[in-house]
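The values are calculated or read from the model by the stated rules, or taken from the named source; none is laboratory data. Being a predicted model, the structure only gives us computed values, none of them experimental. Reconstructed Cβ throughout: ideal geometry from the backbone, glycine too, with neighbour counts over all protein chains shown. What goes into the accessible areas is simple: the full protein's heavy atoms, side chains included, and nothing from ligands, DNA or RNA. Shrake-Rupley method; radii C 1.70, N 1.55, O 1.52, S 1.80 Å.
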Amino acid sequence: MKKNKVALILAGTMITASLLGGCGKDKKKTETTTEATISLEPVATMEDAEAIEIVSREGMVINEFSGEWIDESLENQRPLCIMINNISDAMPQSGISQADITYEILVEGGITRFMCVFKDYSNIPKLGPVRSARHYYVQLSCMMQGLYAHVGWSVYANEMIVNYGVNNINGLYDGTAYYRDESRVAPHNCYTNSERMAETLANNYGYSLSYVGEQTDMFAFNYEDTPIGNGQTANKVTTAFSSDRKPWFEYNSEDGLYYRFQYGTEQIDDQTGEQLKYKNVVVMFVSYSDLGEGLKDVDFTSGGNGYYFTDGEYKAITWANEDSVVKYFDENGEQLKMNPGKTFITVFDNTIPDQIIIE
C-alpha cells in the first residue's frame, strides 16, 4: 500500500518532473538581481547618485532570498535548505536566526518542523538540531535549486529524492556533515556547522554549488523598507495550528521587526542568546491531506490566499504555482515585493483560516 501511495504522490498533479527538476533547471533572474548588477556611471547631481546607489553597489549584489546586499562572490551560490526540529525537546535551537527564509509546516502528530534557507552558510558555528525530510519540503528546496540537508526521511521523501536525483546531504549516510551533541537527548541532538558542510560538499558528492542556469525568481523585494500604509494594524499575529500549538509574533516598533514566541515563551537562538525576529511574516493557506500513518501531503499547485505582515501592518495576498515555483502576489496581481530582511513563512491549513488571529 505504501508503494501505491508513493506512486500517487510522484505521479499526481501536485508533483511534476519539471518541479523537482528545479534543483537543476534554468530559471529567470529576479528583477532586483538584474538591477543589482548595474555598474555605477558618472552622474551630474547628488540626487542622481543616490538613485543609482539604490540599485548598484560596487562588489555587491542583492540576495534573492532577503533583498539585502551581499558580497558578489555569493551571487550564483545555491542556497542551503536544512530541516530543523521544532518540538519543545529541541529548544533552544542553534544557528537558525541567520536563515534568510524560514518555513514552518505541519508534520505528523500535529507538530511542526522548520526548513531554514541560507544563501550564505559560511559563518554558522552550530546549526540544528537537524531532523528528517518530508517530501513537501523537498519540493520547496527544489523550487530554489537548493542543496537539501536532513537526517533521515519519510518513505515519500525517500522516493522523491532518489527518483529525481535531488542534491541532498543525508545524515544517515554521511559521517562528515553532522555530529551528535552528547549534552542533548537523541534524536534531538544532531547538528552541523559551516566547516562540516563545506568539507562535505567539497569532497563527498560532486554537487554543483552554483546555480544550474540562473537564480530563482521565487521572491521579490523592495529596494528599501516600504510600509504597506493601509492602516490595517498587526501588532500580534497568532498562528494557532491546534489547541496546544499556538506560536505567535509580536511587533516591535523600535526596530520594525516581528519577534517569535512559542511554547509560551520567547523562541531563542542559543548561539546568539537572542530571540528570533523577522522583517516579514507570510501566511499562506494550503490544502493538507492525510497519506496514512500520520504522514501528510501539501498541495503546492492549486494556489490560494494568505497574508503579508511587515512594519506593524498587514494585507491580503494570493499565491500561485507559476512555472513550478510558488510565488506570492499583491492585490494588483503583481508579484509581492517584500521588505529587505529575514522572512518567516507559515504554511497553514486552509480549512481553519480563523485560527490566524491578528491583533
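Here are the numbers for this structure:
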| item | result |
| --- | --- |
| Selection count, the stretch 236-258, where residues are surrounded by 15 or more Cβ atoms within 10 Å (Cβ to Cβ) and either in a loop (DSSP other than H, G, I, E, B) or at positive phi (or both) | 5 |
| Identity of the residue in the stretch 177-188, in contact with a strand residue (DSSP E or B) (Cβ under 9 Å, 6 or more places away or on another chain) and either closer than 19 Å to Ile87 by Cβ or part of a loop (DSSP other than H, G, I, E, B) (or both), that ends up most open to solvent (accessible area, probe 1.4 Å) | Arg180 |
| Of all residues in the stretch 169-197 being acidic (Asp, Glu) and farther than 21 Å from Leu209 by Cα, the one that is nearest to the chain's Cα centre (by Cα) | Asp181 |
| Selection from the stretch 334-359 of residues that are among the aliphatic types (A, V, I, L, M) and either farther than 24 Å from Asp217 by Cβ or touching a Cys at 6+ places or on another chain (Cβ under 7 Å) (or both) | Ile352, Ile356, Ile357, Ile358 |
| In the stretch 140-166, residue nearest to Lys296 (Cα to Cα) [restricted to those that are touching a strand residue (DSSP E or B) at 6+ places or on another chain (Cβ under 9 Å), surrounded by fewer than 24 Cβ atoms within 10 Å (Cβ to Cβ) and polar (S, T, N, Q)] | Ser154 |
| Among (1) touching a residue at least 60 places away in the same chain (Cβ under 8 Å); (2) open to solvent by less than 40 Å² (accessible area, probe 1.4 Å); (3) in contact with a Ser or Thr (Cβ under 7 Å, 6 or more places away or on another chain) - the single one Tyr263 does not satisfy | (2) |
| Identity of the residue in the stretch 221-254, among the β-branched types (Val, Ile, Thr) and under 25 Å from Pro353 (Cα atoms), that ends up farthest from the chain's Cα centre (by Cα) | Thr233 |
| Residue in the stretch 272-287 that is of a type in the set (Asp, Glu), surrounded by fewer than 17 Cβ atoms within 10 Å (Cβ to Cβ) and assigned to a loop (DSSP other than H, G, I, E, B) present | no |
| Residues of the stretch 294-324 classified as within 14 Å of Met284 (Cα to Cα) and part of a strand (DSSP E or B), total | 15 |
| Unmet criterion (only one of (1) closer than 23 Å to Gly294 by Cα; (2) at pLDDT 95 or above; (3) not in a helix (DSSP H, G or I)) for Ile161 | (3) |
| Options Met218, Met197: the member that is open to solvent by less than 20 Å² (accessible area, probe 1.4 Å), outside any loop (DSSP other than H, G, I, E, B), more than 19 Å from Ile357 (Cβ to Cβ) and not aromatic (Phe, Trp, Tyr) | Met197 |
